[in-house]
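Contents: one structure, followed by commentary.
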Ligand SMILES: Cc1cc2nc3c(=O)[nH]c(=O)nc-3n(C[C@H](O)[C@H](O)[C@H](O)COP(=O)(O)OP(=O)(O)OC[C@H]3O[C@@H](n4cnc5c(N)ncnc54)[C@H](O)[C@@H]3O)c2cc1C
């Protein structure tokens with residue numbers, strides 16, 4: 001049963017931050033994830049502070065130089081439908097269009113998509129797992145079909161967001177406001193792996209609100225993509241996904257690469273090994289094959305999810321070949 005909490009409609013970010021200072025305060029944006037977590041008693045809230053009416057957090061603004069600033073309350077559907085994003089930052093446009101269902105994309109926000117909780121059945125169920133401050137990861141002796149093949153150890157959840165991997169490939173920065181003022185966090189440092197702290201998904205402190213996502217200018221020749229494989233075609237979270245952002249030099253060799261996986265680790269998983277194989281190389285068949293092998297070389301599958309290794313290797317090869 002849903003436990004009682006107070007509900008505050010913040011009219012400004014300052015007010016939201018003030019209302020969220022005390023432990024037990026939770027941000028509400030579109031509510032598509034938060035309400036389910038509260039109803040299922042995954043965690044509790046003393047006070048739910050909705051930021052949904054703060055106009056300044058909505059909308060997509062182009063910047064001089066070609067970058068973009070996307071307000072945290074921008075609907076996932078608006079990100080997917082924006083033609084400039086689809087052209088300049090294709091990975092993000094495609095990832096947004098792969099999120100859930102049309103209803104979820106129309107209600108869910110970009111900020112909420114980055115801050116949503118894992119769908120691990122043990123975390124979502126009545127299990128006192130490490131992510132809830134308990135002593136065990138129940139997946140280890142349970143069903144591990146949907147779990148991590150990288151970065152596990154203390155917790156084998158997978159990060160559920162499609163847009164997060166795309167934004168990491170595109171080297172985004174997250175704008176945040178909190179009790180100590182505003183700060184920006186490079187997305188490479190936004191997510192927290194279980195080895196550091198299994199009870200947190202992000203570096204956000206109590207009272208901090210994501211205000212915007214900043215995309216740097218793509219520069220000449222950036223090409224990006226997002227590919228997701230899921231159990232069924234209607235809607236589902238990624239079993240495995242890959243976001244690519246590449247630049248090539250005049251000779252066709254990759255001069256700059258960011259390769260990030262979704263659905264296979266507790267945070268968007270940047271693959272330095274894949275980037276090393278392709279950087280400085282033309283994407284020939286041989287390079288693509290070696291890059292795909294490198295992508296999974298350090299995978300550490302669990303009893304039920306070795307299939308993710310083959311799946312990931314295959315989609316990395318296909319996506320690199322498509323960008324070749
Ligand atoms: C059935 C279903 C299927 C889904 N499928 C997918 C999928 O395939 N891919 C995918 O990526 N996602 C998927 N989602 C997740 C969905 O996209 C997210 O629920 C949504 O994007 C979250 O946005 P929201 O605005 O509703 O967040 P809310 O539910 O309001 O919040 C989610 C969490 O983020 C925190 N939060 C929200 N906004 C902020 C902010 N600005 N600053 C700080 N904290 C904040 C909240 O406190 C809460 O903990 C699915 C969800 C459901 C229910």
Seminar exercise, completed: Filtering the range 81-100 down to residues that are surrounded by 18 or more Cβ atoms within 10 Å (Cβ to Cβ) and more than 15 Å from the chain's Cα centre (by Cα) yields 82, 85, 88, 89, 90
For this session: Within the range 48-59, count every residue that is within 11 Å of the ligand (Cβ to nearest atom) and assigned to a helix (DSSP H, G or I).
Result: 1
Seminar exercise, completed: Counting only residues in the range 101-122 that are more than 13 Å from the chain's Cα centre (by Cα) and crowded, with 21+ Cβ neighbours inside 10 Å, the one farthest from the ligand (Cβ to nearest atom) is identified as 122
Exercise. From the list 67, 93, 125, which one is within 15 Å of the ligand (Cβ to nearest atom) and either modelled with pLDDT of 95 or more or touching a strand residue (DSSP E or B) at 6+ places or on another chain (Cβ under 9 Å) (or both)?
Worked result: 93
Seminar exercise, completed: Considering the range 28-47, residues that are more than 8 Å from the ligand (Cβ to nearest atom) and part of a loop (DSSP other than H, G, I, E, B), and then whichever is farthest from residue 116 (Cα to Cα), we arrive at 46
For this session: Could you please let me know if residue 287 is modelled with pLDDT of 95 or more and in a loop (DSSP other than H, G, I, E, B)?
Result: no
Exercise. If you scan the range 192-208, which residues turn out to be under 22 Å from residue 228 (Cβ atoms) and more than 13 Å from the ligand (Cβ to nearest atom)?
Worked result: 193
Exercise. What are the pairs, 6+ residues apart or on separate chains, where a residue within the range 103-120 that is within 13 Å of residue 35 (Cβ to Cβ) has its Cβ under 9 Å from a residue that is part of a strand (DSSP E or B) and within 6 Å of the ligand (Cβ to nearest atom)?
Worked result: 112/27; 112/28; 112/210
Exercise. Of these, 227, 183, which one is within 16 Å of the ligand (Cβ to nearest atom) and free of Cβ contacts under 8 Å to residues at least 24 places away in the same chain?
Worked result: 183
Exercise. Residues in the range 225-264 that are within 17 Å of residue 291 (Cβ to Cβ), surrounded by fewer than 24 Cβ atoms within 10 Å (Cβ to Cβ) and under 17 Å from the mean Cα position of the chain (by Cα): how many?
Worked result: 3
Problem set entry | Scan of the range 238-275 for residues that are out of contact with any helix residue (DSSP H, G or I) (no Cβ under 7 Å at 6 or more places or on another chain), without any contact (Cβ under 8 Å) to a residue 24 or more places away in the chain and in a strand (DSSP E or B), ordered by number | 256
Exercise. Does residue 145 count as surrounded by fewer than 21 Cβ atoms within 10 Å (Cβ to Cβ), within 16 Å of residue 236 (Cα to Cα) and more than 16 Å from the ligand (Cβ to nearest atom)?
Worked result: yes
Exercise. Can you name the residue in the range 1-26 that is in a loop (DSSP other than H, G, I, E, B) and in contact with a helix residue (DSSP H, G or I) (Cβ under 6 Å, 6 or more places away or on another chain) and is also farthest from residue 72 (Cα to Cα) among such residues?
Worked result: 2
Exercise. What is the one condition in (1) within 13 Å of the ligand (Cβ to nearest atom); (2) crowded, with 19+ Cβ neighbours inside 10 Å that residue 215 does not satisfy?
Worked result: (1)
Problem set entry | Condition check for residue 188: away from the ligand (no atom under 14 Å from the Cβ), within 12 Å of the chain's Cα centre (by Cα) and either surrounded by fewer than 20 Cβ atoms within 10 Å (Cβ to Cβ) or not in a strand (DSSP E or B) (or both) | yes
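The values are calculated or read from the model by the stated rules, or taken from the named source; none is laboratory data. Owing to the predicted nature of the structure, the values given are computational and were not obtained by experimental measurement. Note that each Cβ is placed from the backbone with ideal geometry, even for glycine, and that neighbours are counted across all protein chains shown.
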